[in-house]
1. What number goes with the only condition from (1) under 14 Å from the mean Cα position of the chain (by Cα); (2) surrounded by 15 or more Cβ atoms within 10 Å (Cβ to Cβ) that G217 does not pass?
2. Out of all the residues in the range 196-204, is one or more touching a residue at least 60 places away in the same chain (Cβ under 8 Å), closer than 19 Å to N101 by Cα and open to solvent by less than 70 Å² (accessible area, probe 1.4 Å)?
3. If R44 passes every condition in (1) in a loop (DSSP other than H, G, I, E, B); (2) free of Cβ contacts under 8 Å to residues at least 60 places away in the same chain but one, which one does it miss?
4. Quick check: is even one residue across the range 204-221 in contact with an Asp or Glu (Cβ under 7 Å, 6 or more places away or on another chain) and acidic (D, E)?
5. Taking L190 as the residue in question, decide whether it is touching a residue at least 12 places away in the same chain (Cβ under 8 Å) and in contact with a Pro (Cβ under 7 Å, 6 or more places away or on another chain).
6. Could you tell me how many of the residues in the range 86-103 are surrounded by 22 or more Cβ atoms within 10 Å (Cβ to Cβ) and either assigned to a loop (DSSP other than H, G, I, E, B) or within 16 Å of ligand 2 (Cβ to nearest atom) (or both)?
7. Search the range 55-80 for residues being within 15 Å of ligand 1 (Cβ to nearest atom) and of a type in the set (F, W, Y), and hand back the single one that is most open to solvent (accessible area, probe 1.4 Å).
Amino acid sequence: MTQVAPASASTKSIGEVLLKIEDVSLSFGAVHALSEVGFEVRDREILAIIGPNGAGKTTMLNVLSGWYGPDQGGIVFKGVRRRRLRPHEAATLGIARTFQNVALFKRMTTLDNIMTGRHLKMRTNFLDHALYWGRAEREEIAHRETVERIIDFLEIEAIRKVPVGRLPYGLQKRVELARALAAEPTLLLLDEPMAGMNSEEKEDMCRYILDVNDEFGTTMALIEHDMGVVMDISDRVVVLDYGRKIADGPPDRVRADPAVIAAYLGVAHADA
Ligand SMILES: Nc1ncnc2c1ncn2[C@@H]1O[C@H](COP(=O)(O)OP(=O)(O)OP(=O)(O)O)[C@@H](O)[C@H]1O
Ligand SMILES: [Mg+2]
């Protein structure tokens with residue numbers, strides 16, 4: 001089991017509600033991937049979304065990042081209610097994500113992949129470059145500085161010029177985190193950031209997640225299967241099972257919840 005200092009050991013203060021999911025339902029044909037799911041994410045919180053395979057976790061993240069529109073329900077982000085967010089809108093509002101399977105440009109270097117995470121922040125275009133060279137250059141320097149800070153923070157200096165396809169999987173996951181951070185998100189969605197990692201790599205990733213939360217104040221919703229990791233780093237846990245929310249609360253309470261234990265053991269559901 002991964003051992004890191006628990007999130008509760010820090011002195012951080014959890015803030016106002018940043019994101020509210022209101023009774024979201026989404027079906028794919030006959031599959032009810034999400035059924036009336038509702039929960040909140042508070043400013044600076046690390047929320048873990050857990051549940052057995054096929055529970056609807058990735059679908060939930062896809063709704064939050066605007067990839068899917070719900071059939072019913074809505075999303076309140078920073079106080080504004082919307083039926084659905086478009087991906088570009090979600091990104092502009094400050095929501096960034098990583099993917100369950102690493103989605104990087106494999107032939108591009110670490111640095112160039114991270115720079116792609118900044119494109120929304122880059123206001124100057126070709127014409128600006130031609131007409132206002134000085135402004136464009138100042139912006140470029142500012143972008144580089146942000147990216148350099150992230151590279152430094154995640155300790156990936158040594159691989160900045162390496163095409164990411166040549167990196168071990170654990171490092172690719174870290175580059176993906178770096179790219180998401182390059183957008184300077186308010187809310188960061190991480191889909192199994194530690195999948196396929198050995199325990200040492202998991203420990204490192206836990207530390208980076210906690211440090212990002214602490215240093216940048218980034219609110220996080222992450223999907224994770226390793227219960228040790230979930231217990232160690234999350235402030236609160238939401239449990240999905242067959243598209244329904246079956247528990248929501250502090251890690252210790254959720255772990256002891258009979259409905260959660262039943263879901264993980266695959267025995268009959270409480271409402272079956
Ligand atoms: N684009 C899609 N088209 C059809 N069915 C889908 C689609 N995406 C998800 N599903 C189905 O919705 C359900 C929930 O899938 P989802 O990927 O959200 O689960 P998950 O909790 O992330 O599982 P895992 O732990 O395996 O990643 C599954 O039955 C899945 O097959
Ligand atoms: Mg998934």
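The values are calculated or read from the model by the stated rules, or taken from the named source; none is laboratory data. Computed from a prediction, not measured in an experiment: that's the story for all the values here. Quick reminder, even Gly has a Cβ in these numbers, built from the backbone with ideal geometry, and neighbours come from all protein chains shown. Surface areas here come from the heavy atoms of the whole protein model, side chains and all, with no ligands, DNA or RNA. Shrake-Rupley method; radii C 1.70, N 1.55, O 1.52, S 1.80 Å.
1. The failed condition is (2).
2. Taking every residue of the range 196-204 in turn, at least one turns out to be touching a residue at least 60 places away in the same chain (Cβ under 8 Å), closer than 19 Å to N101 by Cα and open to solvent by less than 70 Å² (accessible area, probe 1.4 Å).
3. All conditions pass for R44, except number (2).
4. For the range 204-221, residues in contact with an Asp or Glu (Cβ under 7 Å, 6 or more places away or on another chain) and acidic (D, E): absent.
5. Numbers: touching a residue at least 12 places away in the same chain (Cβ under 8 Å): yes; in contact with a Pro (Cβ under 7 Å, 6 or more places away or on another chain): no.
No, not satisfied.
6. Initially, the range 86-103 is screened for residues surrounded by 22 or more Cβ atoms within 10 Å (Cβ to Cβ), giving 90, 95-98.
With the extra rule that they be either assigned to a loop (DSSP other than H, G, I, E, B) or within 16 Å of ligand 2 (Cβ to nearest atom) (or both), the set shrinks to 97-98.
Selection size over the range 86-103: 2.
7. At the first step, the residues of the range 55-80 found to be within 15 Å of ligand 1 (Cβ to nearest atom) are 55-71.
Still in the running and of a type in the set (F, W, Y): 67-68.
On the way: W67: 138, Y68: 80 Å².
Selected residue: W67.
For (1) outside the structural domain of T59 (by TED's automatic domain parsing); (2) modelled with pLDDT of 95 or more; (3) assigned to a helix (DSSP H, G or I), each residue gets a yes or a no:
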{"residue": "A158", "(1), (2), (3)": "yes, yes, yes"}
{"residue": "G170", "(1), (2), (3)": "yes, no, yes"}
{"residue": "L190", "(1), (2), (3)": "yes, yes, no"}
{"residue": "C206", "(1), (2), (3)": "yes, yes, yes"}
{"residue": "V229", "(1), (2), (3)": "no, no, yes"}
{"residue": "V237", "(1), (2), (3)": "no, yes, no"}
{"residue": "K245", "(1), (2), (3)": "no, yes, no"}
